[in-house]
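Following: one structure in C-alpha cells, then a few remarks.
The values are calculated or read from the model by the stated rules, or taken from the named source; none is laboratory data. Just so it is clear, the structure is predicted and the values come from calculations on it, not from any experiment. All Cβ positions, even for glycine, are placed from backbone atoms using ideal geometry, and neighbour counts span all protein chains on display. Just so you know, the surface numbers come from the protein's heavy atoms only, side chains and all, with ligands and any DNA or RNA stripped out. Shrake-Rupley method; radii C 1.70, N 1.55, O 1.52, S 1.80 Å.
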Amino acid sequence: MTQTSLRAWLLTDAPQSRRQATAAAWYSGWLKLRGNTLAMLGLIVLVVVILAALCAPLLATQSPFAQDLGARLLAPGEQGHVFGTDSLGRDIWSRLVYGARISLYIVALVAVVAPLLGLIIGTVAGYAGGVLDVVLMRFTDIFLAFPRLILALAFVAALGAGIENAVLAISLTAWPPYARIARAETLTIRNSDFIHAIKLQGAGPIRIIMRHVWPLCISSLVIRVTLDMAGIILTAAGLGFLGLGAQPPSPEWGAMVSEGRKYILDYWWVATIPGLAIFTISLAFNLLGDGLRDVLDPKEAGK
Amino acid sequence: MSQDNAPAPYARRSRFAPRWPRKLLGTLLTIAVTLLGLLFVTFMIGRVIPIDPVLAVIGERATQAQYDAVFLELGLDKPLLQQFLIYVNDVLHGDFGRSIRTGQLVSEDIKRVFPATLELATLGTLIGVFIGVPLGVLAAVYRDSWIDQLARLVGLVGYSMPIFWMGLVGLLVFYGILGWVEGPGRLGVFYQGIVPERTGLLLVDALIAGDWTVFKDAFSHIVLPASLLGYFSLAYISRMTRSFMLEQLSAEYITTARVKGLSEWDVVWRHAFRNIRIQLVTVIALAYANLLEGSVLTEIIFAWPGIGQYITTSLLANDMNSVLGGTVVIGSIFVGLNIFSDLLYRFFDPRAK
C-alpha cells in the first residue's frame, strides 16, 4: 500500500470494517494532537526522556555510583563532567540518566495501580448500587478528604522507605478520583439498552463489568491519568527529597536535590540540575495531558 | 436511594417549612463518618507499622516484666475494636499520647508548632487571592490576549514545578546572591524571645507589642516561603477564576447588560464577578487547605518550625504518636475546610438546589 492510499484509507468517511473505523479514529485523533504544538513538544520531550532511560548505559559517561573524592563538587564542564559532580565526586549527568529510569518506573507503576484500583471500586459501586455503593463511596470520600502528601508520608512510615513502598503509598492516595470518575461513567451506562440486552443473554455481573463497562470507562480514565502524571512525579520526588522514597545511593532525582541542598549556596548545580530534570519531565506530562484532553474530551477543552 | 420510589413528599409542602434541618443532620452525619474514617485509617497505620510500640517507649534493654507492664498500660492486650474505641475517645479529648522524640504531650507540641504553619499558609493564601483572582478575571475578559497566555504560563509552571526545588532556588537567588531577604527560620537569632507570645503568629505578636524591628525581621523571613506558597495557590486560583468567569461572560444576561449600555467595568465586576463569588470562596478554601498540607516540603526547605516539619522529623525518628497526631489534626482541618466550602455552596448558591 502506498503512502497516499494508506492516508486515504485512514481518512475515509465510510469505513469498510471495524478495524478501519478504529484505525481512522486513532488517526484523526493523532492529526488533531499533531496540530497542537505544545502537546507535541511535551510528547517529544517524553520520548527523549524514555529513550535516554532505555539507553542509560550508553549515554552515561561513567557509573552513577562511581565515587571520586578527588573530583568532588566540580562545576559543570570541568574535567569532562557535563553537569559537574556531587559531594562524593559522582558524575551528575550519569546519575540523571539513570535516575530517569527510576522516575519513569514509579510513574508507570502508579499509573497502572491507582486507576485499576479506582476502576474496580468505582464500577462495582456504580453497578451494584444500594448499600455497597454508599459504603464504597463513603470510603472513597474518606480517602479523598485526606491530604495526599501527608497520607503518603504516613503510609511510607508504616511500610518502610523504598521505591516500591513509595509507589504503593502514592497509589493508595491517588485512587479516589478515579473511583469517582469510573462510578459516574458506570451510572450513565448501567441502564442502557445494550447492557439489558447482554443481561438477557445471561451474562453475569462480573462479565458485564469487565467486558462491557470497563472499556467505556477507559478513555476518561486515560485523560485523567495523563493529567495526573505530573502530580505523581512531583509527589514521588517530594518523598525522595524527604528521604522516604528511593534510598541512597540510588540516583533518584528528588533524593539528588536533597543531597545537594547542603551545598546550595556555594555549589548551586548539585541541587539545581536534578530539580530542572523533574520540572522538565512534569512540564512535558502536563503539556501532553492538556493536548490529549483537547483531543479525547472536547467537552472539557478550554476550561 | 429509598427516596426514589417514595411518593414526592415535598409536593404539597408549605413553602415556609424549612428544609435545612434535614440537610444539616445529613451534613453532620457525613462529618462524623468522615472523621471516624480518618481516625480509623491513622489507627490502622499505627497498628501495622513494623515498630513495636512498647519497645519504642521503654527501649531495647528493658526486662520482660517492664515490657509486660507497658504492654498492659498501652492496652495492647485488648481486642482491636476496643483499642480503636479507646483511641477515638482519647483523640476526642485531645489526647494523642506522648511524643517519644520531644518527651512532651503531642497535643502540646502541635499547639506550639501550629501557629507557624497557620501564619505561613494564611499569608500564602492572601498572596494567591490578591494576585490570582484579578489575573484570572483579566485572563477571561481578554481571552487569548497576552495576559491570558501569561496566566496560562503561570498555571502550567505552577503545576509542574517541584515546590522544594523552587524554594531552594529562591533561597539561592534572593538570599544567597541578592541578599534581599533573610534566610531559613522564622526569626533572626538576635530577635528571639523579645516579643511576648500572644497568638503565636509572629507578625501579629510583633504588631501588638509595637516592635517594628522584630516585625521587619519576621517579615523578611516569611516573605520568601509565603510567596512561594502564594505562587502555587495563585496558579490554582487564577485558573479556576478564569474558567468561572468565562462561563459567566458567555451567558445571555451579560449580553443584555452590554446592550443596556453598561460600562465594561460594571459588566465584569458588578455582574459577572458577583455571580462567581461563592464558587470562588469554595476554591479559596480548598487552596487554603492545600497550603496547610503543601507546606510540608516548604517548611523543610526554610527550616520553618511548623506542623509539616514536626511530622516529617517525627517520622524520621520513628515517633509514630506525633506523626499520627499531626496527620489527624491536618486531616481534620482539611475535612473541615472541604465541608465548609461544600456547605457554603449548597446553602448560598440557589443554582445548587
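A few notes on this one:
- Members of region B:273-300 that are facing chain A (nearest Cβ under 10 Å), at pLDDT 85 or above and crowded, with 24+ Cβ neighbours inside 10 Å: B:L297
- For region B:188-196, the criterion of being buried (at least 17 other Cβ atoms within 10 Å of the Cβ) and assigned to a helix (DSSP H, G or I) is satisfied by at least one residue.
- Checklist (1) of a type outside the set (A, V, I, L, M, F, W, C); (2) open to solvent by 10 Å² or more (accessible area, probe 1.4 Å); (3) closer than 18 Å to A:G238 by Cβ; (4) modelled with pLDDT of 85 or more applied to B:P305, failing item: (3)
- Looking only at region B:166-187, and only at residues there that are open to solvent by 50 Å² or more (accessible area, probe 1.4 Å) and closer than 15 Å to B:A303 by Cβ, the one that is nearest to the other protein chains (Cβ to nearest Cβ): B:Y175
- Pairing each residue of region B:134-145 that is under 14 Å from B:L280 (Cα atoms) with any residue that is in a helix (DSSP H, G or I) and β-branched (V, I, T), provided the two are 6+ apart or on different chains, yields C-beta distances under 8 Å for B:L135/B:I147; B:L135/B:V154; B:L135/B:T241; B:G136/B:I237; B:G136/B:T241; B:V137/B:T241; B:V137/B:V268.
- Single condition A:A56 does not satisfy, out of (1) in contact (Cβ under 8 Å) with a residue 40 or more places away in the chain; (2) surrounded by 16 or more Cβ atoms within 10 Å (Cβ to Cβ); (3) more than 15 Å from A:R95 (Cβ to Cβ): (3)
- Residue check for A:I50: out of contact with any helix residue (DSSP H, G or I) (no Cβ under 6 Å at 6 or more places or on another chain), buried (at least 16 other Cβ atoms within 10 Å of the Cβ), part of a helix (DSSP H, G or I) and at pLDDT 80 or above: no
- Test: residue in region A:241-263 that is touching an Asp or Glu at 6+ places or on another chain (Cβ under 7 Å), open to solvent by 10 Å² or more (accessible area, probe 1.4 Å) and more than 10 Å from chain B (Cβ to nearest Cβ): yes
- Tally of residues being within 11 Å of chain A (Cβ to nearest Cβ) and open to solvent by 50 Å² or more (accessible area, probe 1.4 Å) across region B:310-332: 4
- With respect to (1) within 14 Å of another protein chain (Cβ to nearest Cβ); (2) over 16 Å from A:L119 (Cβ atoms); (3) buried (at least 19 other Cβ atoms within 10 Å of the Cβ), the lone exception for A:G160 is condition (3).
- Residue list for region A:1-47, restricted to those being aliphatic (A, V, I, L, M), within 21 Å of A:G289 (Cα to Cα) and surrounded by fewer than 14 Cβ atoms within 10 Å (Cβ to Cβ): A:A25, A:L31, A:I44, A:V47
- Single residue of region A:63-79 satisfying the filter (open to solvent by 60 Å² or more (accessible area, probe 1.4 Å) and touching a residue at least 12 places away in the same chain (Cβ under 8 Å)) that is nearest to A:G238 (Cα to Cα): A:F65
- Any hit, region A:97-110, residues being of a type in the set (K, R), over 18 Å from B:G331 (Cα atoms) and either surrounded by 21 or more Cβ atoms within 10 Å (Cβ to Cβ) or out of contact with any Cys (no Cβ under 8 Å at 6 or more places or on another chain) (or both): yes
- Residues satisfying the stated conditions in region B:148-165, i.e. open to solvent by 50 Å² or more (accessible area, probe 1.4 Å) and at the interface with chain A (Cβ under 8 Å from one of its Cβ atoms): B:Y159
- Check on B:S145, under 21 Å from the mean Cα position of the chain (by Cα) and either under 30 Å from B:G325 (Cβ atoms) or not basic (K, R) (or both): no
- Any chance A:A184 is among the small types (G, A, S) and modelled with pLDDT of 85 or more: yes
Okay, residues lined up against (1) within 23 Å of A:A66 (Cβ to Cβ); (2) among the charged types (D, E, K, R); (3) touching a residue at least 40 places away in the same chain (Cβ under 8 Å):
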position: A:D193; (1), (2), (3): no, yes, no
position: A:G202; (1), (2), (3): no, no, no
position: A:F241; (1), (2), (3): no, no, no
position: A:P248; (1), (2), (3): yes, no, no
position: A:A255; (1), (2), (3): yes, no, no
position: A:K262; (1), (2), (3): yes, yes, yes
position: A:L265; (1), (2), (3): no, no, no
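- Top-ranked residue of region A:264-286 - restricted to ones that are more than 10 Å from every other protein chain (Cβ to nearest Cβ) and of a type outside the set (A, V, I, L, M), ranked as farthest from B:M161 (Cα to Cα): A:Y267
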